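For reference, the structure is listed below as structure tokens.
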Amino acid sequence: MKELQIPVDNYLLTTFVNVIMKIKITKNHIIRFFKRLGIALVAMFLLFLVLNWVFPLHDKIEYSTIVTDSKGEVVNAFLTSDQQWRMKTELNEISPLLRKTIIAKEDKYFYSHPGVNPFAVLRALFKNISRMHRTSGASTITMQVARALEPGKRNIWRKTREMFRAFQLEWKYSKNEILQMYLNLVPYGGNIEGVKSASQLYFKKDPDHLSLAEITALSIIPNRPSSLVMGKNNELIIEERNKWLKKFAHDKVFSQKEIEDALSEPLTATRSTVPHFIPQLSYKLKKTGSPIIKTNIVLNTQLKTEKIVEDYVRAQRLRNIKNAAVVIIDNRRHKVITYVGSSDFYDTTDAGQVNGANAVREPGSTLKPLLYAMCFDEGLLTPKMMITDVGVDYEGYAPENYDKKFNGYVTAEYALEHSLNIPAVKNLKLLGHQKLIRKLSDCNFKQIQKDQRKLGLSMILGGCGTTLEELTGLFSSFANNGIYTSPSYLQNDSNQKRINVISPAANFMVNEILSKVNRPDFPLNWQATERMPKIAWKTGTSYGRRDAWSIGYNKNYTVGIWVGNFSGVGAADLSGANIATPLLFKIFNTIDYDSDAEWFTQPKDCDIRQVCSETGLPSSDHCSNLLTDYFIPLISGTKVCDNREEIMISPDETVSYCKSCAPDAGYKKKWFKLIEPDMQAWMDDNNIAYEKIPPHNPGCEKIFKGSAPLIASPANGTEYFINKKDPEPIQLIAKTSNDVSKVYWYINNQFYKSCNNGEKQFFIPGEGPVKISCTDDKGRNRDINIMVRYVNL
């Protein structure tokens with residue numbers, strides 16, 4: 001480093017001129033001199049190129065990874081592999097004051113020399129020889145960079161190599177880039193390297209915010225790092241700092257006012273630690289390998305949310321619920337502004353360092369809004385269309401509702417509001433689960449992409465793997481007219497994916513359904529809604545009560561909540577409605593309190609029509625109770641309501657006729673409501689009265705078209721294991737149309753038994769493949785096949 005001594009450049013120059021003046025110079029001398037000089041310079045340049053190729057510059061620098069928030073403030077940092085704090089200073093962080101101070105102190109001819117200052121070399125040589133020991137150095141800023149890149153013992157050969165490396169640096173980099181490297185490598189004591197590391201650890205600010213006094217104080221530490229320790233030797237540092245400030249005043253580098261202010265500035269700095277905010281997100285983004293990770297995190301919102309989550313989870317520990325994660329997206333800019341991976345990063349009782357926002361978990365019912373929106377877009381449903389919520393069996397898969405009950409006829413919007421499982425599975429069967437898988441894959445659901453060949457109907461009830469990051473990103477599309485934009489974690493992210501997930505019309509219908517307050521998943525005893533912003537939200541609870549979800553959104557934000565235990569242990573009280581949703585509301589009350597943000601408006605591709613209240617289909621002449629419903633023109637189904645049929649019956653209403661068997665006289669016509677076989681069976685089981693169609697004329701020989709009996713038990717294609725010692729019979733259940741009074745059972749094409757409609761039968765099958773057939777009294781037949789194996793249990 002350069003010492004505080006008066007230069008002798010003028011003396012050397014004067015001596016050189018006096019010597020030249022005493023030499024007789026002719027024209028030929030001058031020509032020969034410049035010719036030889038030119039040859040020498042070309043030779044030296046060619047030699048430099050050869051040496052530059054043979055001995056390449058080792059200029060790769062490992063920097064500490066630093067993470068910044070949306071304002072550019074450092075919120076986290078990581079040591080290098082050699083355990084150094086070496087934070088990269090960007091060119092735009094080198095303020096004019098910092099540049100001017102460092103150059104004035106270290107190398108005032110920095111922008112003039114080619115990496116080595118020949119006058120400084122001659123001066124140092126003259127002084128060292130005259131005083132018979134080393135009193136002055138000649139290192140430029142470029143040479144100091146070369147020394148930092150390849151440290152070693154100081155000797156004549158090391159100095160020669162430094163000069164060569166300095167020429168290489170000047171050949172490869174601009175002056176500003178070399179100055180940047182110097183500011184990134186200069187040592188400041190201990191394991192601190194670079195002005196950014198020093199300014200953060202000593203002054204808790206970025207380099208471009210340092211004052212003249214602070215810059216000067218830092219600049220003298222590299223000369224004596226062992227004796228000038230910030231926080232221990234501040235008085236000595238002030239003394240050395242002021243010497244340099246007075247020299248700057250003497251050389252008129254700064255104004256007198258600037259010098260006086262710097263001289264009077266106290267030095268209270270001491271070594272501190274780097275901040276460690278957003279730890280899970282920092283570890284996640286560190287894998288990108290960038291030395292500076294510029295996130296979109298709004299630190300104020302982050303810290304408020306962390307406090308809310310920590311306090312909330314502390315209150316849930318008595319319920320054996322120990323953790324939570326939160327992701328908040330700015331819907332207008334598609335940026336992740338808050339990322340809470342756990343309730344307490346330093347909690348060891350439930351693995352607080354696990355990133356709950358990125359952990360693959362079962363999503364419960366959180367995918368249902370996307371399913372219903374896709375059904376709206378396919379023309380399969382409208383909000384008021386009726387669905388049957390009764391028991392079903394899809395090749396052995398028999399889903400149940402959360403409360404283990406059936407609801408009979410329900411509208412699509414009711415089914416989504418109440419998160420009914422059976423209608424959701426029916427709708428996925430109708431839509432095709434591969435369509436849902438493709439849509440989720442397009443939205444970057446990575447585990448679903450991996451497992452797509454394994455997934456089936458159960459995925460809509462949580463039988464798949466997703467993360468809080470993915471679900472929150474998906475729900476942000478509902479706040480943006482059905483357009484999915486991959487959430488951005490980094491500033492100036494150029495890799496954001498943008499796709500149309502659903503139409504604006506389907507998106508609007510879902511928003512209207514999910515924003516209703518009168519729902520069963522509204523948290524109990526929640527009173528703080530007076531100034532809470534209007535939001536739409538969906539809850540979910542995974543199998544075994546291991547995961548509780550609640551994801552809400554409005555025009556401004558999408559907030560995703562997961563609550564549970566990283567150990568995977570379930571909790572009896574854990575549910576999306578009563579555990580996750582109160583936390584969702586608390587956070588919305590904090591980040592968007594008393595917001596008057598506009599709500600979603602009906603788009604042009606969504607219209608209103610009158611439908612029958614009994615079916616949700618466009619009304620026909622026999623429909624008496626009408627209501628309005630949203631629909632998508634040219635997409636939604638146009639089939640009119642046909643749930644009633646005029647049937648010919650006997651005067652005493654005990655026999656029904658068709659056109660083939662109706663008598664010429666002695667009958668009457670009556671309208672009957674058509675009820676599906678599964679609904680008819682449910683109504684019978686629940687003692688709900690309905691008008692049955694009289695049995696058909698037994699003398700009629702016509703085989704009727706229509707729905708064949710539906711065999712509900714056993715399940716088609718299922719393998720049954722029966723105990724050899726104590727075989728249990730298999731139950732036979734068939735669901736038929738309400739014009740059927742009797743059914744006939746066949747086992748392996750052999751008649752087994754006849755019974756009244758709705759009557760349950762049992763049989764013990766033989767081992768191997770078994771064919772089961774059921775025929776109703778109209779001649780309609782249904783076959784299924786099962787496999788039976790007898791085992792010792």
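The values are calculated or read from the model by the stated rules, or taken from the named source; none is laboratory data. Treat the numbers as computed from the prediction; the structure is a model and nothing was measured. Here the Cβ positions follow ideal geometry from the backbone for every residue, glycine too, while neighbour counts run over all protein chains shown. Heavy atoms of the whole protein, side chains included, go into the accessibility calculation; ligands, DNA and RNA do not. Shrake-Rupley method; radii C 1.70, N 1.55, O 1.52, S 1.80 Å.
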Net charge of neighbours whose Cβ lies under 13 Å from the Cβ of VAL354, counting Lys and Arg as +1 and Asp and Glu as -1:
0
Where a ≥ b ≥ c are root eigenvalues of the Cα gyration tensor, a/c under 1.5 meaning rounded, otherwise prolate if a/b exceeds b/c and oblate otherwise, region 278-349 counts as oblate
Between region 540-575 and region 199-238, the alpha-carbon center distance in angstrom:
49 Å
Between rounded, prolate and oblate, where does region 410-486 land on the alpha carbon gyration tensor, with a ≥ b ≥ c its root eigenvalues, rounded for a/c under 1.5, else prolate if a/b exceeds b/c?
oblate
Net charge of neighbours whose Cβ lies under 13 Å from the Cβ of ASN578, counting Lys and Arg as +1 and Asp and Glu as -1:
+1
Just to confirm, what accessible area per residue do you get for region 696-793 at 1.4 Å probe, in whole Å²?
56 Å²
Length-normalised contact order of region 181-307 in % [C-alpha pairs under 8 Å, at least 6 apart]:
22 percent
For every helix of n ≥ 4 consecutive DSSP H residues, a contribution of -39,500 (n - 2.57) applies; sum these over the chain, divide by its total residues, and give [θ] at 222 nm rounded to the nearest 500 deg cm²/dmol.
-10000 deg cm²/dmol
Scoring only Lys, Arg, Asp and Glu (+1, +1, -1, -1) among other residues with Cβ under 14 Å from the Cβ of ASP493 yields +4
Excluding same-chain residues fewer than 8 positions from LYS35, which lysines have a Cα within less than 23 Å of its Cα?
LYS22, LYS24, LYS27
Rounded percent of accessible protein surface that carbon and sulfur make up, region 46-96, 1.4 Å probe
62 percent
Going by a ≥ b ≥ c, the root eigenvalues of the Cα gyration tensor, does the chain fall in the rounded group (a/c under 1.5), the prolate group (a/b larger than b/c) or the oblate group?
prolate
Alpha-carbon centroids, region 432-503 and region 314-343: separation in whole Å:
19 Å
Loop-resident trypsin sites (Lys or Arg not before Pro) in region 153-194 with no more than 15 other Cβ atoms inside 10 Å, DSSP not H/G/I/E/B, are LYS153, ARG154
Region 286-369: trypsin sites (Lys or Arg not before Pro) in DSSP loop, at most 14 other beta carbons within 10 Å:
LYS287, ARG332, ARG333
With a length cut of 30 Å (Cα positions projected on each helix's long axis) and a Kyte-Doolittle mean of at least 0.0, go through the chain and give me the DSSP H helices that pass.
27-54
What part of the accessible area of region 247-342, given as a whole %, is carbon or sulfur when the probe is 1.4 angstrom?
53 percent
In region 686-764, trypsin sites (Lys or Arg not before Pro) in a DSSP loop with at most 13 other beta-carbon atoms within 10 Å:
LYS702, LYS705, LYS724, LYS725, LYS760
Excluding ligands, DNA and RNA, what is the solvent-accessible area per residue of region 459-562 at a probe of 1.4 Å, expressed in Å²?
36 Å²
Measuring from its Cα centre, region 228-282 shows a charge dipole (+1 at each Lys and Arg Cβ, -1 at each Asp and Glu Cβ) which, in debye to the nearest 20, is 140 debye
Restricting to Cα pairs under 8 Å and 6 or more apart, the percent relative contact order of the chain works out to 9 percent
Within region 513-637, what whole-number % of the accessible surface is contributed by carbon and sulfur, with the 1.4 Å probe and all protein chains included in the calculation?
47 percent
Below 8 Å between Cα atoms, with a sequence gap of 6+, how large is the relative contact order for region 708-793 in percent?
40 percent
Please list, in order along region 743-758, the HN-Hα scalar couplings obtained from phi with the Karplus expression 6.51 cos²θ - 1.76 cosθ + 1.60 (θ = phi - 60°), rounded to whole Hz, x for Gly and Pro.
10, 10, 9, 10, 10, 6, 6, 10, 4, 10, 6, 10, 7, 6, 4, x
So which cysteines in the chain don't have a second cysteine's C-beta under 4.7 Å from them?
CYS375, CYS443, CYS464, CYS606, CYS658, CYS755, CYS774
